[in-house]
Structures are given as C-alpha cells and as structure tokens.
Amino acid sequence: MELKTHISVNNLSVFYGNEPALKNVTVDIPDKKITVIIGPSGCGKTTLLKSFNRMLEAVEGIKISGAVLVDGENIFDPGIEITGVRKKMGLLSQRPYPLPMSIYDNVAYGPRIHGLKKKKELDRIVEHYLKESSLWEEVKDRLYTPASKLSIGQQQRLCLARGLAVEPEIILGDEPTSALDPKSSQRIEARFLELKKDYTIVVVTHILRQARRLADYVIFLYLGELIEHGPANQIFDNPKQEMTREYIQGVIS
Amino acid sequence: MNKKRLLKDKIAAKFMLGLVIFSGLLVFLIAFGLYYRAKPILDIKPLGQLLFSSSWRPLRGDFGFFPFIIGTFWVTAVAIFIAVPFSLLTAVYLSEYAHKLVRELTAPLIDLLAGIPSVIYGIWGVLVVVPLIKNHLAPFLGTFSTGYSVLSAGIVLAIMVFPVIIHVVIEVLRSIPNELRDASLALGATKWQTVKHVVLLKALPGIVAAVVLGVSRAFGETMAVLMIAGNVAKLPGSVFDPAYPLPALIANNYGEMLSVPLYDSALLLASLILLVVVLGFNVLSRIILIRIERRIQ
C-alpha cells in the first residue's frame, strides 16, 4: 500500500548529556493512520515522540541533531516558531494533567491562548470537542466544576478534548492509557480508531496487545536504535529482524 | 530484654507527646500571661477607648493605642505592597526561566539575606534609605519628610521580607510537576502564558502562604522599624510621616518609666494587641487559603 507521509524523521539523534537516547533514527510516519512506537522501556520511544513537538528542549543538557519534517518543514529550523509546531499536535501524556481550572476552561484554554475571546465560539468549541472525546454526556451539567474532580479516565478524555481544541493535525500519545483502568483504556482506544479519519496519530506503548489493536504502522525501537518499521501486519506476522520477532513473541521484553 | 525495649518505646512516645502538647499550649500560656498583666488597665479603662483613642499621654493616664495600631498596619502594608510583586517575579524567574547555574548561585545569596541581623538592616536604613527619602524622594514629590517615616520603614521591612517570600515561593513552584507545564506548552502556549495562567494559578495557595509568612514577620519586626519609623505617637497622614508601630513602642519603653501608674500594664496590653493582630491575621489567611484550594486544586 502506498502511504502519504506526514512526519518525516531524518537521522535524528538525541543525547542526554553524553547518554545517547536516539541514534540516527530515520523513518516516515504516514498521514491519517495510527502509528505505534513499541519497544522495551528506556529504548527512546518517548524521546522520539517528544521530539515531534519539540518538548525535549526544556530538558537541561540535551543535544539534538538531524531533522524532523512536518508537512515538509523542518521543525528544528531556527526560523520556525515553536508555538506553531506545538499547536499542530495534541499531546496525551502518561497520566492526565488537567490544568488547575474548570472543565470548561481546560478545553477553552488552547483556543484562548491563541487569541479567541468570543464566548459563543468558545462554547461551541468546548461542546464540540467534549463530544469528540465522548465526555460531553458525563460532564455537560458540571462544566464549571474543577477538572480535578473527574475520575482519572475522564481526566484523560478531557486532556484529549483539550488537545483537539487547538485543531491539531497530529495526536501524540505517550502511553496514554498506562494510568487508566481497562474500561477507560478501551474508551481512549476507541476514540483513537475513530479519530484517525481526520488526524495522524502516533502512540507510544509497551503493551503489545494494545499495539496490535491500534496499529496501522509500527516502529520498533531498541536501545535508541530503530530496528524495524513497517505496516502492522508485516511487523506482527512476518518481521524481518530476529530481534523484532523475539520482542513480538515475548522472548525479550 | 524484650520488655525493656517495649518500655523504652512507650516512654519515648509519651515523652514526645508531652513536648508536643507543651509547645501547643505555649501560645495560650503566653496570651494568658499577657492578659493577666494587662488586666489592671483593662479593669479601669473601656477597651474601646484604649483601642480607638489617639491620645497617648501616659503621665495623665491617657493610653490610646490607635496611632500605634494604625502605624503597625501602615508600615506592614507598605512593606508587603513593595515586597510581593518584587519577590514573586524574582521567584518566578529563578524557578521557571533561570539556568540551573544561575539558580544555584543566586538562591543561597537570597537565603543569606534572611540571616542578616535586623539591627544591620536598621543601620542601613538610617544611613541609606532615610537620607534618600529626606533629600530626594520627598522634595521630588513636593513634600517634606525627615526621612524617618512609614515609607522608609516599609522599604527596609520589604527587603527583610524578600528572602522569606522568595524562598517559599521557589519551593512551591518547584513542587509543581513539569508535566503540568508541558501540558500547557504542548498546546502552543508561550512560557509566559504558561506561567501566568497555569503555574501561578496552581501555586496560588502556596504563594498566599508565603505572603502570610512575610506579613507575620513584618508585623512583628521590631529593631529595624524602631530605628527608622520615627517613633512619633501620632496618626500618620501620609507615607512620608513618621509612625510608631506597636513593637517599637514596647521595645522602646518597657523597663523604663515603669513608675508611671498603669504604664507597665499598658505596654503588656500593647503586646497582647500585637499578638491578637498576628494570630487573627493568620487565622484569616488560613480561611482564605482553604477557600482558594477548594476552588482550584
């Protein structure tokens, strides 16, 4: 199958101090598909994911070389505005971190910081994206209560709505279900499968079964190196590398 | 052997409990002691007159504390008004913007400010701040001031309060998880937007606590204020007028002129008022803190 590329990673290397976290990774991430990054913990999955929206740079002592092209533009170009890069991507972290404000304000936060002030428009956005993340029915009567009062599964869906509200093209998930109970995880996964119609989704996970359920495309990392990448069925059923086969079969983890 | 061990355990726990109860009771003991010694004057004069009369003529038996109470509030208010914005922004810079190296070099220096004895702040105030206000600021604004004034005391007090607020606010900001900042940054917010809308909001209860700590210090600070505030028992009309805060009144006069009838009792009443003001302020801020916490989380 012929895939349109959305994010293109070229020779990306990342060092924390002198510790290499990613070594010369080159891979293309297809448009409007779910790409799953798998690999054992500490292999650089999250580092790769966070390089996409330049969230690595706050880390002290980090060195980045290579290029990440989003829509053909290198996001590390000095002329690129970092807030613009980040606005293109919604991030779901391992644990939900609702902002210390109401449910409504959480979703409205993104549009507001980008300059939207009209109450009517904000109301519409909040409702739309809470529906999009299938949270609306549960919270429509208490939009102005603190977001911290929600259950952790609801908080994660709220974070999804918050991320979608800035109208990104890409959704990044950093083990987005690892703190959730199975039912809540399932809802997030269901959202992803629905949302891939409109968004490119990249998810980091160490749960292989989740990877099988979600992935259209798979990237396998091991100790900072890209071992193998390809369409999901190829990686899961017929991996070319011995290491990939062992990881998939659970011989190594 | 085993028995002895258990006995020791019990004794240790009981002993420590005793210490806790004792220190918990200290506030009440002190308050009661002050009340007991202030009772003679309270028996003779109505409390309302003591608190709200501006007439301070001990030799005639007039003990009006109003100028002192107001002087205390003025000096503290000026100090906090100056200290809060400055120390808040300093703490935000050090915690959110500064390179690790800058932070590690600066933070101990600021803490050092807290260790300087207050009499040195007092001297510095007399030598630097008082002339500055007398010769430059007051003439510049078209008024007259001897320099010994509410403003001078407030400025020196603000500098003394800086390290307290800065230290606590840095601790509070550091305790906020980075993931929360990331959540805001990942939406395309700038650093300043993140600080303004997320970090400071999350830190608000801690910031209030830090300010309370600073205010409490300012209320009670004696030495520096005594040296700079001017010590005139009159209601200050502006920040360029002298004031006579309660701690200065007590420190200046206690042990002297005690032959004047009721003077001793009056000064202990002043101490009691100061204690009640500080306690009341702490209780009030505790209530505010709980309400803020309930609202944001």
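Miscellaneous remarks
- Flag for B:Arg60 being open to solvent by 90 Å² or more (accessible area, probe 1.4 Å) and free of Cβ contacts under 8 Å to residues at least 24 places away in the same chain: yes
- Single match in A:Ser51, A:Ser102 (criterion: outside the structural domain of A:Met243 (by TED's automatic domain parsing) and under 18 Å from B:Leu187 (Cα atoms)): A:Ser102
- If the condition is being within 14 Å of another protein chain (Cβ to nearest Cβ), surrounded by fewer than 13 Cβ atoms within 10 Å (Cβ to Cβ) and modelled with pLDDT of 95 or more, then region A:103-143 contributes no residue at all.
- Qualifying positions in region A:13-44 - on the phi < 0 side of the Ramachandran plot, touching a His at 6+ places or on another chain (Cβ under 8 Å) and either among the charged types (D, E, K, R) or crowded, with 17+ Cβ neighbours inside 10 Å (or both): A:Val27, A:Ile29, A:Pro30, A:Asp31, A:Ile38
- The selection criterion, being assigned to a helix (DSSP H, G or I), away from chain B (no Cβ under 11 Å) and surrounded by fewer than 17 Cβ atoms within 10 Å (Cβ to Cβ), holds for A:Lys183.
- Taking the numbered list (1) of a type in the set (Gly, Ala, Ser); (2) more than 30 Å from B:Val277 (Cβ to Cβ); (3) touching a residue at least 24 places away in the same chain (Cβ under 8 Å) in turn, B:Ala98 passes all entries but (3).
- Filter result for B:Ala183 (facing chain A (nearest Cβ under 10 Å) and open to solvent by less than 70 Å² (accessible area, probe 1.4 Å)): yes
- Residue, farthest from the other protein chains (Cβ to nearest Cβ), within region B:159-175, restricted to residues that are open to solvent by less than 10 Å² (accessible area, probe 1.4 Å) and within 30 Å of A:Val107 (Cβ to Cβ): B:Val169
- The set of residues in region B:209-222 that are more than 8 Å from the chain's Cα centre (by Cα) and modelled with pLDDT under 90 comprises B:Ala209, B:Thr222.
- Cβ-Cβ contacts under 6 Å between residues 6 or more apart (or on different chains), taken from a first residue in region A:4-25 that is assigned by TED's automatic domain parsing to the domain that holds A:Met55 to a second residue that is in a loop (DSSP other than H, G, I, E, B) and charged (D, E, K, R), are listed as A:Lys4/A:Asp31; A:His6/A:Asp31.
- Counting only helices (runs of 4 or more DSSP H) that fall entirely inside region B:190-297 and contain at least 2 residues that are without any contact (Cβ under 8 Å) to a residue 12 or more places away in the chain and open to solvent by 50 Å² or more (accessible area, probe 1.4 Å), the qualifying elements are B:263-295.
- Some residue of region A:64-74 being under 28 Å from A:Ile207 (Cα atoms) and acidic (Asp, Glu): no
- Residue match in region B:113-127 (condition: surrounded by 16 or more Cβ atoms within 10 Å (Cβ to Cβ) and within 14 Å of chain A (Cβ to nearest Cβ)): no
- Extreme residue, nearest to A:Ile7 (Cα to Cα), among residues of region A:57-73 that are open to solvent by 10 Å² or more (accessible area, probe 1.4 Å) and within 14 Å of another protein chain (Cβ to nearest Cβ): A:Glu57
The values are calculated or read from the model by the stated rules, or taken from the named source; none is laboratory data. Small disclaimer: the values here were computed from a predicted structure and weren't measured. FYI the Cβ positions are ideal-geometry reconstructions off the backbone, even for glycines, and counts take in every protein chain you see. Note: areas computed on protein heavy atoms with side chains; ligands, DNA, RNA excluded. Shrake-Rupley method; radii C 1.70, N 1.55, O 1.52, S 1.80 Å.
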